[in-house]
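The values are calculated or read from the model by the stated rules, or taken from the named source; none is laboratory data. Remember, predicted model here, so these are calculated numbers, not experimental data. Backbone-built Cβ (ideal geometry, glycine too); neighbour counts: all protein chains shown. Areas reflect the complete protein model, heavy atoms only, side chains present, ligands, DNA and RNA absent. Shrake-Rupley method; radii C 1.70, N 1.55, O 1.52, S 1.80 Å.
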Amino acid sequence: MSLVLDPATQALLFSEARTANTFTDEPVTEEQMRSIYDLVKYGPTAFNQTPLRVVLVRSAEARERLVPYMSEGNRAKTAVAPLVAILAADNEFHEEIPRLIPHAPHLKDVVFGQREMRERSAAMNSALQAGYFIVGIRAAGLAAGPMTGFDFAGVQKEFLDDDHTPLMIVNIGKPGKDAWRPNRAPRLDFDEVITTV
């Protein structure tokens, strides 16, 4: 075994973890979400930037506002998931750079002074953080149901603003009955992906 993680942890985080489509009604607590964030915030990003923003949809009123923007196949499960998270990229993340990189506060303007550069960087680094977020959900013993099937412009208008770009919506909870598709989708093998030069 060439990995440090024991097989049970590997299974929890990766090899046996699957996208959940149903959930029990057991609530996902604020404490759980704080613990997840306090773990995944350490995942690496370029320039230590932290562009990911998360809107936790807890109230019935907010859920009713969200569900109509979901693709038809995602509406029912989003309506009943214990917790739903809207993940977005903050295109003005550079305002935090002096605090996050105290030894080089000038990077706020030198590297990220142009909006176009910030949007590209925010998209890439918030996607990295979204991956860490999903693995963190799994580390908490919960299941994640990430989705990109929704009206991005509608969700942005309803829950965000022009400085925040939606990335995905994630249903979160304990997996319910028939949570998984019957067969796991295949993955590419090492030799199909990795090249050594």
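Here are the numbers for this structure:
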item	result
Residues of the stretch 151-192 classified as open to solvent by 90 Å² or more (accessible area, probe 1.4 Å) and without any contact (Cβ under 8 Å) to a residue 12 or more places away in the chain, total	11
Flag for ALA139 being more than 16 Å from VAL84 (Cα to Cα), open to solvent by 30 Å² or more (accessible area, probe 1.4 Å), touching a Pro at 6+ places or on another chain (Cβ under 9 Å) and modelled with pLDDT of 95 or more	no
Residue check for ARG75: of a type in the set (Lys, Arg), free of Cβ contacts under 8 Å to residues at least 12 places away in the same chain and not in a strand (DSSP E or B)	yes
Residue selected from the stretch 14-28 under the condition out of contact with any Lys or Arg (no Cβ under 7 Å at 6 or more places or on another chain) and surrounded by 14 or more Cβ atoms within 10 Å (Cβ to Cβ), by the criterion nearest to ARG120 (Cα to Cα)	THR19
Within the stretch 29-57, considering residues that are β-branched (Val, Ile, Thr) and part of a helix (DSSP H, G or I), the one surrounded by the fewest Cβ atoms within 10 Å (Cβ to Cβ)	VAL40
Residue under evaluation THR148, criteria (1) closer than 30 Å to TRP180 by Cβ; (2) open to solvent by less than 70 Å² (accessible area, probe 1.4 Å); (3) not charged (D, E, K, R), criterion not met	(2)
Within the stretch 147-167, tally of residues that are out of contact with any helix residue (DSSP H, G or I) (no Cβ under 6 Å at 6 or more places or on another chain) and under 20 Å from LEU56 (Cβ atoms)	10
Every pair of residues 6+ apart whose Cβ atoms lie under 7 Å, when the first sits in the stretch 112-127 and is touching a residue at least 12 places away in the same chain (Cβ under 8 Å) and over 10 Å from ASN91 (Cα atoms) while the second is open to solvent by 80 Å² or more (accessible area, probe 1.4 Å) and assigned to a helix (DSSP H, G or I)	none
Inter-residue pairs, beta-carbon under 9 Å, first without any contact (Cβ under 8 Å) to a residue 60 or more places away in the chain and under 22 Å from ASP161 (Cβ atoms) and in the stretch 91-111, second among the hydroxyl-bearing types (Ser, Thr, Tyr) and open to solvent by less than 50 Å² (accessible area, probe 1.4 Å), 6+ apart	PHE93/THR50; PHE93/SER121; PHE93/SER126; HIS94/SER121; GLU96/THR50; LEU100/THR50
Complete set of residues in the stretch 62-112 that are closer than 17 Å to GLY145 by Cβ, among the charged types (D, E, K, R) and open to solvent by 30 Å² or more (accessible area, probe 1.4 Å)	GLU72, ARG75, LYS77
Qualifying residues in the stretch 1-13 (those that are free of Cβ contacts under 8 Å to residues at least 24 places away in the same chain, closer than 29 Å to MET147 by Cβ and outside any loop (DSSP other than H, G, I, E, B)) - the one most open to solvent (accessible area, probe 1.4 Å)	ALA8
Evaluation of PRO44 against (1) modelled with pLDDT under 95; (2) more than 30 Å from ASN183 (Cα to Cα) (one fails), failing number	(1)
